[in-house]
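Peer 1: Structure in structure tokens, see below.
The values are calculated or read from the model by the stated rules, or taken from the named source; none is laboratory data. Keep in mind that what you see is a predicted model, and the values were worked out from it rather than measured. Cβ coordinates were reconstructed from backbone atoms using ideal geometry, including for glycine residues, and neighbour counts include every protein chain displayed. Keep in mind that these areas ignore ligands, DNA and RNA; they rest on the heavy atoms of the full protein, side chains included. Shrake-Rupley method; radii C 1.70, N 1.55, O 1.52, S 1.80 Å.
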Amino acid sequence: MKKRVFSGVQPTGNLHIGNYLGALKNWTKVQYDYESIFCIVDLHAITVYQSPEELKAKILEIAALFLAAGIDPAHSTVMVQSSVAGHAELSWLLTCVTPVGWLERMTQYKAKSALQETIGSGLMQYPVLMAADILLYQAGVVPVGDDQSQHLELTRDIAQRFNSLYGETFVMPETKLPTVGARVMGLDEPDKKMSKSAPGSNHAIGILDPPELIKKKLSRATTDSNPHVDFDTMGPGVQNLLGIYQAFGSVSEDDMKAKFAGMRYGDLKKNVTEMIVSHLEPIQQRYREITADPAYLLSILTAGRDRVAPIAESTVRLTKQRMGVFTS
Ligand code: TRP
């Protein structure tokens, strides 16, 4: 039997080339080797306030981007978290076996809660809901970025604790797939990973950014004080631009050196811009086609929900039985 893969993306902010190179592109490649579930985690998004109208639109935007990037709905499941009640149900059941101390030491919780005036208890439960997403489908493989490895570790701890209290119930998920994608850094701050929520307008390149905007952002990207590309002394900004080019074009190290060594930064940026635009244009074109037909997109999400709902139901039922709560 094929292993099951589960991964999730929050419907907030704009998906950027870091999300594409680090996650989406990879998913489209591995989707035929696994039974894949790609989930838009709207219940995670509301752990901090979201405007309802924007959230509704974002959910559909992300779904359309999944498909536009090459997730094949005939093969992989694309679904919205809140459409399957089991995510919230299992999350409660797992909350009851999760010590508060485990949640208090999550670095993402500490970082996010520091920004909030009032900390919703959902923000603290965030990683339990994530554990529920994964364990609900007994997913064996969870492709996520480094920033999520602590949450994945916690998922294993929760599963283990549950299994030892109530008997073997959950499959232990593996960390992730080996990713080939580059770790893309912010254009304005090349020492920080490119982020959906960073404030700077020059920080990230959105998958849906028009070519002119991409060009403008690239022209402002941080480089270093060298006059041209020097592979031995380059700073993180130049390294990041080269990394983006290399990841989009799947170019070898040798070819990168042959092409870029000694190149002036203006020309480097022109090359990187062209590379990005040539890869994003077809995705943007498909995105426009998909969003022009809302009924099609909804039918994909409904079919996704229907495909996984029985798996979720059976896990919730088993978990309830193990814990002794009522099942009809
Ligand atoms: N927390 C993840 C992120 O912000 C999103 C997520 C939610 C997720 N549930 C998941 C990722 C389950 C993998 C598996 O990136």
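Peer 1: Residue under question is G304, and the condition is that it be touching a residue at least 60 places away in the same chain (Cβ under 8 Å) and farther than 17 Å from G18 by Cα; does it hold? Steps first, answer last, please.
Peer 2: Numbers: touching a residue at least 60 places away in the same chain (Cβ under 8 Å): yes; farther than 17 Å from G18 by Cα: yes.
Judged against the criteria, G304 is a match.
Peer 1: Ok, one more. Tell me, yes or no, whether region 56-63 has at least one residue that is touching a residue at least 12 places away in the same chain (Cβ under 8 Å), closer than 13 Å to I300 by Cβ and open to solvent by 40 Å² or more (accessible area, probe 1.4 Å).
Peer 2: Within region 56-63, one or more residues are touching a residue at least 12 places away in the same chain (Cβ under 8 Å), closer than 13 Å to I300 by Cβ and open to solvent by 40 Å² or more (accessible area, probe 1.4 Å).
Peer 1: Confirm whether A85 is away from the ligand (no atom under 14 Å from the Cβ) and either open to solvent by less than 20 Å² (accessible area, probe 1.4 Å) or touching a helix residue (DSSP H, G or I) at 6+ places or on another chain (Cβ under 8 Å) (or both).
Peer 2: yes
Peer 1: OK, next. Please determine, by comparing only the residues of region 241-269 that are without any contact (Cβ under 8 Å) to a residue 24 or more places away in the chain and not hydrophobic (A, V, I, L, M, F, W, C), which one is most open to solvent (accessible area, probe 1.4 Å).
Peer 2: Within region 241-269, the match that is most open to solvent (accessible area, probe 1.4 Å) is D254.
Peer 1: Collect the residues in region 1-40 that are within 17 Å of A132 (Cβ to Cβ) and open to solvent by less than 10 Å² (accessible area, probe 1.4 Å), keeping them in residue-number order.
Peer 2: Listed by number, the residues that qualify are V5, F6, S7, I37, F38, C39, I40.
Peer 1: Right, something else. Select from region 1-29 the residues that are aliphatic (A, V, I, L, M) and within 14 Å of the ligand (Cβ to nearest atom) and write down the one among them that is farthest from P173 (Cα to Cα).
Peer 2: L15
Peer 1: If you check every pair at least six apart or on different chains, which have Cβ atoms under 7 Å apart with a residue in region 126-141 that is in the same structural domain as A45 (by TED's automatic domain parsing) and within 8 Å of the ligand (Cβ to nearest atom) first and a residue that is open to solvent by 10 Å² or more (accessible area, probe 1.4 Å) and assigned to a helix (DSSP H, G or I) second?
Peer 2: Y126/Y109; L129/L43; L129/S91
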